[in-house]
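Enquirer: Can you keep this structure in mind? I'll have questions shortly.
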Amino acid sequence: MLTEDEIEQYFREGYLLKRNLVPLSVVESVRAIGETTKTTDGGGWTPKTFDRENPKSKPELHAILRHPSVVTAAGQLLGTPPLIYYGMLAIVPAHGGNGLPWHQDNMYSHIYGGALNIFVALSEITPEMANLWVAPGSHKLGTQASKRNETTAKGHREALVEPENALLLPTLQPGDTCIFTRDTLHRSLTNTTDQNRYAYAAQFCATHARYTETGKRPPLCVDPTSL
């Protein structure tokens, strides 16, 4: 699914913008479920996450995690058959809903040996809709110091130092994706439009990946071909 040039960019820049990776039929099905999620204008929402203990529950919601194009792309970049580490329907409500501050996924659980995040647009996402920002090359710096956010995204991690080379992604269409490493700094700001922003975050790890804190493999990671 990915060209050699795209794979080189991922390793060089820490991220890759891949258009049309997920078919519209899958995107629309997942978004339809998201549209039933209660949100508050300018406020929060309750995330719907993949349950690794019951991986076959809510298959329609988490269909992206097992779609062949997504699994193939993850495998090309990880160099092993990918395992599902995490999945989440991500909504930023209209009229002022906040995304997440600058952070790296490894600020939460530090995984070594290969892991990535595939951000999937479920609707058109313009710059004003809390579109994704990335910091090219930030993955080369390793995991940075962080603190707990107490304002716009309480409980989430926030980098102590913001990157100087922040890059706002262009408008994304349904099915477009941004694939990035767990050490790539990224953020999303405020949704100032009158439409909710719908996206899905699909996280995968390599079969040999381990937590650096314990040296153990992340528990309950799921083979997507088993779903």
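Enquirer: How big is the convex hull of the Cα atoms of segment 130-227, per residue, in Å³?
Expert: Taking the convex hull of the Cα positions in segment 130-227, it is 165 Å³ per residue.
Enquirer: Something else: Are there trypsin sites (Lys or Arg not before Pro) in segment 98-205 that DSSP marks as loop and that have at most 10 other Cβ atoms within 10 Å, and which are they?
Expert: Lys154
Enquirer: Give the whole-number value, in cubic angstrom per residue, of the convex hull volume spanned by the C-alpha atoms of segment 11-74.
Expert: 149 Å³
Enquirer: What distance in nm separates the two pseudo spin-label positions at Lys140 and Lys58, each 7 Å out from Cα along the beta-carbon direction?
Expert: 3.9 nm
Enquirer: A further question on this structure: Expressed as a whole percentage, what fraction of the accessible surface of the chain belongs to carbon and sulfur atoms when a 1.4 Å probe is rolled over the protein heavy atoms? Please report the intermediate quantities before stating the final value.
Expert: Values: 5350 of 10450 Å².
Answer for the chain is 51 percent, counting heavy atoms of protein chains only.
Enquirer: On a full-extension model of 0.36 nm per residue, what is the gain between His208 and Leu167, subtracting their alpha-carbon distance, rounded to one decimal in nm? All intermediate terms of the calculation are to be shown ahead of the outcome.
Expert: Working: separation 41, 0.36 × 41 = 14.76 nm, distance 3.14 nm.
Additional length available on full extension: 11.6 nm.
Enquirer: Let me check I've understood the local charge: for Gly142, count other residues with C-beta under 12 angstrom from its C-beta, Lys and Arg +1, Asp and Glu -1. What total comes out? Numbers along the way, then the final one.
Expert: Values: positive: Lys140, Arg182; negative: Asp183.
Charge balance near Gly142 sits at +1.
Enquirer: Please list, or write none, the lysines whose alpha carbon is within less than 30 Å of the alpha carbon of Lys140, excluding same-chain residues fewer than 8 places away.
Expert: Within the straight-line cut-off, Lys140 pairs with Lys18, Lys154, Lys216.
Enquirer: Can I ask one more? Once R0 is set to 22 Å, what does the formula 1/(1 + (r/R0)^6) return for the Cβ-Cβ distance between Thr46 and Thr152, expressed as a FRET efficiency to the nearest 0.05? List each step's numbers first, then the result.
Expert: Numbers: r = 17 Å, r/R0 = 0.79.
Taking R0 as 22 Å, the efficiency between Thr46 and Thr152 is 0.80.
Enquirer: Grab the DSSP H runs of the chain that are 4 residues or longer, score each as -39,500 (n - 2.57), total them, divide by all residues and round the 222 nm result to the nearest 500 deg cm²/dmol.
Expert: Computed ellipticity for the chain at 222 nm equals -4000 deg cm²/dmol.
Enquirer: A follow-up question, please. In a shell of Cβ-Cβ distance under 10 Å around Glu158, excluding Glu158 itself, what net charge do Lys and Arg (+1) and Asp and Glu (-1) give?
Expert: +2
Enquirer: If amide hydrogens are placed 1.01 Å from N in the peptide plane, which non-local residues have theirs closer than 5 Å to the one on Ala90?
Expert: Ala199, Tyr200, Ala201
Enquirer: Evaluate 2.2 N^0.38 Å with N set to the residue count of the chain, then give the Cα radius of gyration divided by it.
Expert: Relative to the 2.2 N^0.38 Å estimate, the chain comes out at 0.94.
Enquirer: For segment 74-213, what is the accessible area per residue in Å², given a 1.4 Å probe and the full set of protein chains?
Expert: Each residue of segment 74-213 exposes 39 Å² on average to a 1.4 Å probe.
Enquirer: Quick one: what are the phi-derived ³J(HN,Hα) couplings along segment 120-127, Karplus 6.51/-1.76/1.60 with θ = phi - 60°, whole Hz, x for glycine and proline?
Expert: These are the phi-based 3J(HN,Hα) values: 10, 6, 9, 8, 4, 10, 8, x Hz.
Enquirer: Along Cα→Cβ, 7 Å out, is where each label goes; now give me the distance between the ones at Glu35 and Arg19 in nm to one decimal.
Expert: 2.5 nm
The values are calculated or read from the model by the stated rules, or taken from the named source; none is laboratory data. In this text, all values refer to a predicted model and were calculated from it rather than measured experimentally. Positions of Cβ are generated from backbone atoms using ideal geometry, with glycine treated the same way; all protein chains shown enter the neighbour counts. To get the accessible areas, we keep the full protein, side chains included, count just its heavy atoms, and leave off ligands, DNA and RNA. Shrake-Rupley method; radii C 1.70, N 1.55, O 1.52, S 1.80 Å.
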